[in-house]
Every structure is written in structure tokens, then in C-alpha cells.
Amino acid sequence: AQTVTQSQPEMSVQEAETVTLSCTYDTSESDYYLFWYKQPPSRQMILVIRQEAYKQQNATENRFSVNFQKAAKSFSLKISDSQLGDAAMYFCAYPLGGSSNTGKLIFGQGTTLQVKP
Amino acid sequence: GAVVSQHPSRVICKSGTSVKIECRSLDFQATTMFWYRQFPKQSLMLMATSNEGSKATYEQGVEKDKFLINHASLTLSTLTVTSAHPEDSSFYICSAQKPGRNEQFFGPGTRLTVL
């Protein structure tokens, strides 16, 4: 069965510093997507970044980047130049169905990120 | 863009009553929508897949008679919590996948409190 694991319930970072959030997953699929979502206090889920497993290059979106290690089934999120607005709960997610992407997302337990001024 | 709305944003009801939550895709058609449940400081748990024009499919452990889902049009799915009890109090979130986009767009959620 597919699982997603985030082993860091809480993390904190100083403003302008860099922080890495960890995520591991388990799947027997060879092609799939992986996502990081942000849930701020408003509780609106916001897509941060997406990685396609067949792409060797790590995805990057402005200050957000991933370290995707397919063999290790690891998908960590790096936030550079952290800002106060980055404070939120972050979820790693895997869509059931691999590359066919059924849309059914399996979420990790979440990591609450605190940004200190 | 791709916007998904939910109504109401929060609702308080008495135990034993039923509550309907609406999920709408405002600027795209969604043949499939999803309903999640989230307890405080916990992750989102997939409850069911809402299919336009057909029956919803429920995840293991989710009571289909308690959580009625209707997807009557390509832009609207409803979740009805029947005979609500305090343990049904939670945050309910819907999502929809825009055709051609490999990502889910989430509604803002509905906080249900059952007294």
C-alpha cells in the first residue's frame, strides 16, 4: 500500500534562513507525481511545488525547491530565504494511481513550520 | 485560474440533525471531486470520490449512509452529514481536478461543529 511519511511534526527557522522538510513515501509505481502543499492558518490548501518522478531534475519554484531521491523514495522540500508568511503546516502528498493520477491524494502527517523574526 | 468554493464556511448544528455542505468549481468543469476530513492539527484523510452522474466511491471505514454525496452537475458536489453527532465535528475540505492539469484545487473548507 502506498504511504507517505513526514517524520518532523514541527520545525522552526529564523527569518531569511533555509529550512528543509522531510518526506518519504512508499509505492510500487514507477511513474508518478509528488506534491507539497501548504496550509496556512486560514486552512486553505495551496500547492507549493510538484515533481514528476520520471524527471531527474529537481523541481524549483522561486524560493521553494525539492530534493527528489527516487531510489530512496525521498522527497524533501527546501525553503530558502524564509519569510514570515511561510509559517504554515506543510503536507507532502502522493496521488494514488501513479502516473494516471486518479486525483486521490494520500497525505503525510504534516509538518508545522514556525518562522521566527 | 481554477477556483473551488465551499458553502458554508462554518456551521453549528444540534446532534441528530443533517447538514449539507456544497463544493463548487467556479471556473471549470469537474467530473470528479474529492471530499477530505481533517481533525485539528492532523492530516487530511480522503473520505470519498464524488463522480458526476454516478455513485460516489467511499474509502474504507467511511459510512456511505452517514456521509451522503451527490454530484448532480459538472460544477457541484454536495456532502450531507446525516444524523450528525459530536464526533462528526471536523473540518471538511473538497477538491477538484481541472481537466488537463495534474493537480488538485482545494476549497477553503467547512468547519462543522455538532453540539
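The values are calculated or read from the model by the stated rules, or taken from the named source; none is laboratory data. Nothing here was measured: the structure is a model prediction, and the numbers come from that model. Neighbour counts run over all protein chains shown; Cβ positions are idealised from the backbone, glycine included. Just so you know, the surface numbers come from the protein's heavy atoms only, side chains and all, with ligands and any DNA or RNA stripped out. Shrake-Rupley method; radii C 1.70, N 1.55, O 1.52, S 1.80 Å.
Our summary gives chain A a relative contact order of 37 percent, counting only alpha carbon pairs under 8 angstrom and 6 or more residues apart.
For the segment B:99-111, counting C-beta atoms of other chains within 10 Å of every residue's C-beta and taking the mean gives 4.
For a paramagnetic label modelled on A:Asp81 (point 7 Å from Cα along Cα→Cβ), amide N atoms under 13 Å away belong, within the range A:43-64, to A:61-64. Positive end of the dipole of the protein assembly as shown (Cβ unit charges, origin at the Cα centre): among B:Met47, B:Ser89, A:Ile79, the Cα lying farthest that way belongs to B:Ser89.
Across the cross-link table entries B:Lys20/B:Lys55; A:Lys38/B:Lys41; B:Lys14/B:Lys41; A:Lys55/A:Lys78, which are compared at the Cα atoms, the separations over 20 Å belong to B:Lys14/B:Lys41. Give, in nm to one decimal, the length gained when the segment between B:Gln60 and B:Ser9 is fully stretched (0.36 nm per residue of separation minus the Cα-Cα distance). In short, 15.7 nm is gained. Placing a label point 7 Å from the Cα of A:Met11 along the Cα-to-Cβ line, the residues of the range A:33-55 whose backbone N sits under 18 Å from it are A:34-41, A:46-51. Rounded to the nearest 20 debye, the dipole size of the protein assembly as shown about its Cα centre is 300 debye, using +1 on the Cβ of Lys and Arg and -1 on the Cβ of Asp and Glu. Counting Cβ atoms of other protein chains within 10 Å of each Cβ in B:43-49 and taking the mean gives 5.
Heavy-atom accessible area with a 1.4 Å probe sorts B:Glu103, A:Glu17, largest first, into A:Glu17, B:Glu103.
Shielding by partners for peptide A:106-112, expressed as the average number of C-beta atoms from other protein chains within 10 Å of each residue's C-beta, is 3.
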